[in-house]
Amino acid sequence: SRRSGQQTGRYSLVVVSNRLPVDFEVGPDGAESWTTSPGGLVTALEPLMRASDGAWVGWPGVADRSFEPFENDGISIVPVRLSKQDIERYYEGFSNDTLWPLYHDVISPPSYHREWWDSYVAVNRRFAQAAADVAATGATVWVQDYQLQLVPRMLREARPDLVIGFFNHIPFPPYGIYSQLPWRKQIIDGLLGADLIGFQRSADASNFSSAVRRLFGFTTRGMAIDVPDGDLGRTRRVIAKPFPISIDAASFEELARRPEIQARAKQIREDLGNPKKIMLGVDRLDYTKGIGHRIKAYGELLRDGRLAVDDVVLVQVASPSRERVGAYMALRDEIELMVGRLNGDYSTISHAAISYHHHGYPREEMVALYLASDIMLVTALRDGMNLVAKEYVAVRFDNDGVLVLSEFAGAADELRKAVRINPHDIDGVKDAIIDAVEMPPRERSKRMRALRRKVFDNDVAAWSASFLETLTGGAAVQPGVPEN
Ligand code: GDG
């Protein structure tokens, strides 16, 4: 029962995300090329996409350029065009300066601008149309993340034959916070166009269901929401359910076992002066990650003499992020002021208190850093999952290392054997760091084994398989099913 005028495409599995798994790049000499950005999501979906004739709809990372669909490594790439103004309003504006802070407990105040909202609607429509154009009759479409929350409803209206899933990679806030949003009903209505809405934690799924009840009064029972469909009193069942995302754990362990990466880890320890304990933070430079709280706790431990600068170092990788958004510029100044002060107060000629890096590194270097570090500090104030915590665990095949983990990261639901912290409680963070420093080897190994079981049992392939099986009832998307 397609709407007249809508042609169907040929793809039986369509993934829709803000960014494509490939980036279009223009070199300094003007040379144009496509580079693959091998994220976990691509790794997990690649085999399924190849086996079931899949297409990926998204933005190629460059403004004002149109591209025809093309094939990349067995996956069809369908680029969506964004203008410079779309990027400013839909992406940097509504996505990263309205929704991102709102969904992360208003750690930074969200900005509400009607022209950003208008752009968000227009761009979501463009993504929905692109997906509708390429999806085969009865295809499965999987929409990713907060930038595209209106796409499920728009798709369902254009193509009622489709099976539509949505996964939210960031938290869904409690109603008291969510209700600030001037477009709170439109966003919920957009999401309810999906058959299955996945969240990181069960708290996110129940926050969503409660917003549905408060704003629309629909009946919800457990994970099921009955959404009125048409005017004959019929309802359509939508499921809102947690699917905690993960990483390709085996590939991280494989990297960690390579002799050259182990040698690099040793070299890093030596270059840092072979301190007794190396602590590590790895985050996009984002106000949700609690980088300042971590530095404050560490600085007080040095001040109090509970840690000595000759014995420890904090390596902080803060990868550049959203540098055109005001809150991120202010955060960078704040963090770099703290780092400078702390190093000024406590570093000696031979030992820096903090080794700070505002860079992105190749994955190999990240794995070497994880291997070289005795203690991993994840102090997020709010985080959908936090993959860094899982990556640290996946590389520690030596069953050593201590993970200090914020209870406000989604990963805390699964990684119960981490040293848990409330990052707002600076004294508690300080005590947890000392516990990690003093933890005996047997205790470290016992905890790391338990953490590794969790991460390897639910890797990203298990995550995507379980989402798609729930979405399609195990029928529509299976690798190895021949076409026709
Ligand atoms: C969002 C949600 C959720 C970081 N710096 C470098 C680098 N990274 C990699 C890490 C990790 C990824 O980026 C960051 O993932 P996180 O999960 O930690 O955080 P977000 O970027 O905020 O991701 C989050 C996630 O979506 C998935 O659903 O877990 O809660 O906020 O893989 O290793 N990688 C390299 N160089 C760097 O400098 N190569």
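The values are calculated or read from the model by the stated rules, or taken from the named source; none is laboratory data. These numbers were taken from a predicted model, which means no experiment stands behind them. Neighbour counts are summed over all protein chains in view; Cβ atoms, including those assigned to glycine, are modelled from backbone coordinates with ideal geometry.
Return the residue satisfying two criteria in turn: it lies in region 38-68 and is within 21 Å of Phe243 (Cβ to Cβ), hydrophobic (A, V, I, L, M, F, W, C) and free of Cβ contacts under 8 Å to residues at least 60 places away in the same chain, and of such residues it is surrounded by the most Cβ atoms within 10 Å (Cβ to Cβ). Here the residue is Trp56.
Are any of the residues in region 157-180 away from the ligand (no atom under 16 Å from the Cβ), among the hydroxyl-bearing types (Ser, Thr, Tyr) and in contact (Cβ under 8 Å) with a residue 60 or more places away in the chain?
Start the filter on region 157-180 by keeping residues that are away from the ligand (no atom under 16 Å from the Cβ), which leaves 157-164, 174-180.
After this cut, where a residue has to be among the hydroxyl-bearing types (Ser, Thr, Tyr) as well, the list is 175, 178-179.
With the extra rule that they be in contact (Cβ under 8 Å) with a residue 60 or more places away in the chain, the set shrinks to 178.
Within region 157-180, one or more residues are away from the ligand (no atom under 16 Å from the Cβ), among the hydroxyl-bearing types (Ser, Thr, Tyr) and in contact (Cβ under 8 Å) with a residue 60 or more places away in the chain.
Could you say whether any residue in region 250-258 is over 18 Å from Gly40 (Cβ atoms) and either acidic (Asp, Glu) or more than 16 Å from the ligand (Cβ to nearest atom) (or both)? Checked against the condition, which is being over 18 Å from Gly40 (Cβ atoms) and either acidic (Asp, Glu) or more than 16 Å from the ligand (Cβ to nearest atom) (or both), region 250-258 yields at least one hit. Residues in region 214-249 that are part of a loop (DSSP other than H, G, I, E, B), within 16 Å of the ligand (Cβ to nearest atom) and of a type outside the set (A, V, I, L, M, F, W, C) were compared, and the one that is nearest to Ala44 (Cα to Cα) is Asp248.
From the list Asp427, Asp431, Asp398, which residue is in a loop (DSSP other than H, G, I, E, B), away from the ligand (no atom under 14 Å from the Cβ) and of a type outside the set (Lys, Arg)?
On the way: Asp427 fails: in a loop (DSSP other than H, G, I, E, B); Asp431 fails: in a loop (DSSP other than H, G, I, E, B).
When all the criteria are applied, what remains is Asp398.
Taking the conditions exactly as written (assigned to a loop (DSSP other than H, G, I, E, B), modelled with pLDDT of 95 or more, surrounded by fewer than 21 Cβ atoms within 10 Å (Cβ to Cβ) and of a type in the set (Lys, Arg)), does Arg3 satisfy them or not? No, not satisfied.
For region 290-306, the criterion of being out of contact with any helix residue (DSSP H, G or I) (no Cβ under 8 Å at 6 or more places or on another chain), touching a residue at least 40 places away in the same chain (Cβ under 8 Å) and within 16 Å of the ligand (Cβ to nearest atom) is met by at least one residue.
Search region 359-373 for residues being near the ligand (Cβ under 8 Å from one of its atoms) and assigned to a helix (DSSP H, G or I), and hand back the single one that is nearest to Ile107 (Cα to Cα).
We begin by selecting, within region 359-373, every residue near the ligand (Cβ under 8 Å from one of its atoms); these are 359-363, 365-366.
Those still in the list that are assigned to a helix (DSSP H, G or I) too: 363, 365-366.
On the way: Arg363: 29, Glu365: 31, Met366: 28 Å.
Of everything passing the filter in region 359-373, Met366 is nearest to Ile107 (Cα to Cα).
Name the residues in region 264-292 that are more than 18 Å from Ala389 (Cβ to Cβ) and in a loop (DSSP other than H, G, I, E, B), would you? Passing the criteria: Leu272, Gly273, Asn274, Pro275, Lys276, Tyr287.
Number of residues in region 316-343 that are assigned to a helix (DSSP H, G or I), more than 25 Å from Leu272 (Cβ to Cβ) and not charged (D, E, K, R) equals 6.
The residue pairs whose first member lies in region 442-465 and is in contact (Cβ under 8 Å) with a residue 60 or more places away in the chain and of a type in the set (A, V, I, L, M, F, W, C), whose second member is in a helix (DSSP H, G or I) and surrounded by fewer than 19 Cβ atoms within 10 Å (Cβ to Cβ), and whose beta carbons are closer than 7 Å, counting only pairs six or more residues apart or on different chains, are Val460/Thr43. Residues of region 374-389 being more than 8 Å from the ligand (Cβ to nearest atom), crowded, with 24+ Cβ neighbours inside 10 Å and not aliphatic (A, V, I, L, M), which ones? Hit for region 374-389 is Thr379, nothing else. Restrict the check to region 292-314 and report whether at least one residue is buried (at least 19 other Cβ atoms within 10 Å of the Cβ), of a type in the set (Lys, Arg) and at pLDDT 95 or above. Yes, because at least one residue in region 292-314 is buried (at least 19 other Cβ atoms within 10 Å of the Cβ), of a type in the set (Lys, Arg) and at pLDDT 95 or above.
Of all residues in region 315-326, how many are at negative phi and buried (at least 19 other Cβ atoms within 10 Å of the Cβ)? Outline the logic, then answer.
So in region 315-326, the residues at negative phi come out as 315-321, 323-326.
When the remaining residues are screened for being buried (at least 19 other Cβ atoms within 10 Å of the Cβ), the result is 315-318, 325.
The qualifying residues number 5.
Here the strands (runs of 3 or more DSSP E) wholly within region 37-102 that include at least 2 residues being within 21 Å of the chain's Cα centre (by Cα) are 54-59.
If I ask for residues that are modelled with pLDDT under 90 and away from the ligand (no atom under 16 Å from the Cβ), which ones from region 35-79 would you list? Walk me through it before giving the result.
Just the residues of region 35-79 that are modelled with pLDDT under 90, to begin with: 35-53, 72-75.
Glu46, Pro47, Leu48, Met49, Arg50, Ala51, Ser52, Asp53, Asn72, Asp73, Gly74, Ile75 - these are the residues of region 35-79 that are modelled with pLDDT under 90 and away from the ligand (no atom under 16 Å from the Cβ).
Can you confirm whether region 409-416 contains a residue that is buried (at least 24 other Cβ atoms within 10 Å of the Cβ) and over 18 Å from Phe252 (Cα atoms)? Within region 409-416, one or more residues are buried (at least 24 other Cβ atoms within 10 Å of the Cβ) and over 18 Å from Phe252 (Cα atoms). Pairs meeting the criteria (first residue in region 405-419 and within 10 Å of the ligand (Cβ to nearest atom), second residue part of a helix (DSSP H, G or I), beta carbons under 6 Å, at least 6 apart or on different chains) are Ala411/Ala389.
Out of Arg332, Arg324, I need the residue that is of a type in the set (Lys, Arg), under 13 Å from Asp283 (Cβ atoms) and more than 9 Å from the ligand (Cβ to nearest atom). Which one? Before you say what the answer is, go through the steps one by one.
Numbers: Arg324 fails: under 13 Å from Asp283 (Cβ atoms).
Residue meeting the stated conditions: Arg332.
Evaluate the following for Arg10: is it away from the ligand (no atom under 16 Å from the Cβ) and basic (Lys, Arg)? Criteria met by Arg10.
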